[in-house]
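Bear in mind that the values in this text are calculations on the coordinates, not laboratory data. All values derive from a computational prediction rather than experimental measurement. Here the Cβ positions follow ideal geometry from the backbone for every residue, glycine too, while neighbour counts run over all protein chains shown.
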């Protein structure tokens, strides 16, 4: 009773160690994952300052500050009286207060008259200067607004929301209708929205503003191709190639136009473009009219031909020394003979293709992926799988089956062990090392009835044929099933 209790304690202790090892591996993976996430967060925090510069402003447009008006001081001549010192009593005795007040009143009247005469001209000059400053400031504001709306349109274009990009470019054009880039960008969005007429009109306006803008010519050519204005599109593409001969897009489109014209003119079909260039035929294909024929004329014996080798019963009176020559697979089989009463009584046997032996891999696997690949390639052939499995060193099972042992592979291994004639050292080492793979106890508990029967026979043979050693006792204890 005590030995049974101790065995259960040892099994429980072993299971706890295995669970702890599995938990440690899981926590290591989790810690590695958290470290990677923290590094990504740090890199994102460092790159936020650089990425936000490329995005359009989130809030509304901020107007530039309005220039301050220059205050013009009026240079009016004012006569100041000479000041008298407080200690100069003789001068104060001679000072005439009434005359001084009269002089001040006269100066104020003269200033008012001069202001009435010259003030209107001065105000007109100031107003003209202020209007000029306001116009320059308004032009500057409109240009900045246009650039802001253009940036918003570029952002929407990158997000593939073309209708919103068209609205942004339209606002930019309203602010600055002299820039050809806004028309060309809106034309590109119109092209993606399949508004080919509007695209052509915008490209024409962009070309009127800048005759050297080749992108506008190319986009107008694409729109005209869709509108079936082939000659006008060809003129645009040829103009692009005269100004920029290295433009590959224009060359490809022009070649397509010429090829389509040749197809319409000659009625020929060219090979598909997705075929490699070195394998394409240089000769164009011709159309062939398909004519229907009367199929009742053709006999059924000519239409149905089976590619099977028929083995007929041979006459047993022939001497056994003569070899029977069978038709080789290199020659086509002869046509079946016409049906007759004698041959109809003879049974026909159709050959089935034999399973060819698959070569055993020479390289010993070092990872679980290599083992699964080679094991599946052997196609469940018991002899080849037995030779291949015996080549693997039992000590490498931990690395090959590091993620666990598959149930189908384990049942196949049990079949290999049961078919083995003699119990050798390799089988004992294999059973001893295989029990140390992860989740081995789980696989052992979910065995099918056939696999359990095979395992019992193997353990019975071990107990009967082998001497009782520590390794054998460990195998019998760990492989024991209820």
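Points worth noting:
- Look at 253, 39 and count the other Cβ atoms within 10 Å of each Cβ; fewest to most, that gives 39, 253.
- Once the C-beta distance of residue 87 and residue 110 is scaled by a Förster radius of 41 Å, the resulting FRET efficiency is 0.75 to the nearest 0.05.
- Residue exposure sequence - 417, 137 - by fewest surrounding Cβ within 10 Å: 137, 417
- Here the spin labels are modelled as points 7 Å beyond Cα on the Cα-Cβ line, and at residue 193 and residue 42 they lie 4.7 nm apart.
- Remark: the residue 23-residue 289 segment gains 88.5 nm on full extension, using 0.36 nm per residue and subtracting the alpha carbon distance.
- Cβ-based exposure ranking for 426, 85, in which fewest neighbours within 10 Å come first: 85, 426
- Take every Cα pair under 8 Å whose residues are at least 6 apart in sequence, average their separation, divide by the length of the stretch 178-272, and the relative contact order is 19 percent.
- Net lengthening on full extension, residue 461/residue 103 (0.36 nm per residue, minus Cα-Cα): 114.5 nm
- Extension gain (nm, one decimal) between residue 396 and residue 377, 0.36 nm per residue minus Cα-Cα: 4.8 nm
- Computed on the stretch 368-478, with alpha-carbon pairs under 8 angstrom and 6+ residues apart, the relative contact order is 29 percent.
- Placing a label point 7 Å from the Cα of residue 415 along the Cα-to-Cβ direction, the residues of the stretch 455-472 whose backbone N falls under 14 Å of that point are 455.
- Virtual spin-label span in nm between residue 134 and residue 473, 7 Å along Cα→Cβ: 11.0
- Cα→Cβ-extended label distance, 7 Å offset, between residue 9 and residue 422, nm: 4.3
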